[in-house]
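Nothing in this text is a laboratory measurement; each read-out follows from the coordinates by a stated rule. As the structure is a computational prediction, the values presented were derived from the model and not from experiment. With ideal geometry, Cβ positions are generated from the backbone for all residues, glycine too; neighbour counts draw on all protein chains shown.
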Amino acid sequence: MDQSGNLSLTGHERTFSNDEIIVSKTDLKGRITYANRTFMHLADYEEQELLGAPHSLIRHPDMPRCVFKLLWDTLEAKKEIFAYVVNRSKNGDHYWVFAHVTPSFDGSGNINGYHSNRRVPNRKVLNDTIIPLYKTLLDVENQSANRKDGMNRGYAVLEQLLQEKGVGYDELIFSL
């Protein structure tokens, strides 16, 4: 841990194979209700540590908050989303994923949780587009005095980029 009590980062990237899928489910508040073995292995947590814990437990500090805003706004609109995400393992390692997150519904059509499948991301897309984009968004976010303003400024930059390209977020992600 560093002096602020946060988990230190090792700079070491974990990987997984193309035939593995990370699966997790959460309740409406983002608390983990299910995690498969691949999730537990990469995140370096035991099942009892994960169940009931906030999914943000694996949030990496290099992940722009505005991307999570987009994710939650999309899910709350009862839509699915695909996104590249960098996560942090318990020991400070990191791993990249291409996530497909969907709301889960009860018999009345109300959202009662969330389901996420994550696959190995395209390394060229990460290196050429996502990592530089996320660095730019994170830099914008970190220029604000508080986290909420930073997130909103980063979100505005992301929206402007989409507008300039004349595409929606999903179109951008699948065009890469």
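Things to note:
- Residues in the stretch 140-166 that a label on V125 would reach, taking backbone N under 17 Å of a point 7 Å out along Cα→Cβ: 162
- If R0 equals 22 Å, the separation of the Cβ atoms of L9 and H115 corresponds to a calculated FRET efficiency of about 0.20.
- Overall form of the chain per C-alpha gyration tensor (a/c, 1.5; a/b vs b/c): rounded
- CD proxy at 222 nm, helix term only [per DSSP H run n ≥ 4: -39500 (n - 2.57); per residue of the chain; nearest 500]: -10000 deg cm²/dmol
- Spin-label proximity, L161 to the stretch 73-102 - amide N less than 12 Å from point 7 Å beyond Cα toward beta carbon: 84
- Label-point gap, in nm, between W72 and K135 - each point 7 angstrom along Cα→Cβ: 2.8
- Residues D44, D128 arranged by fewest to most Cβ contacts within 10 Å: D128, D44
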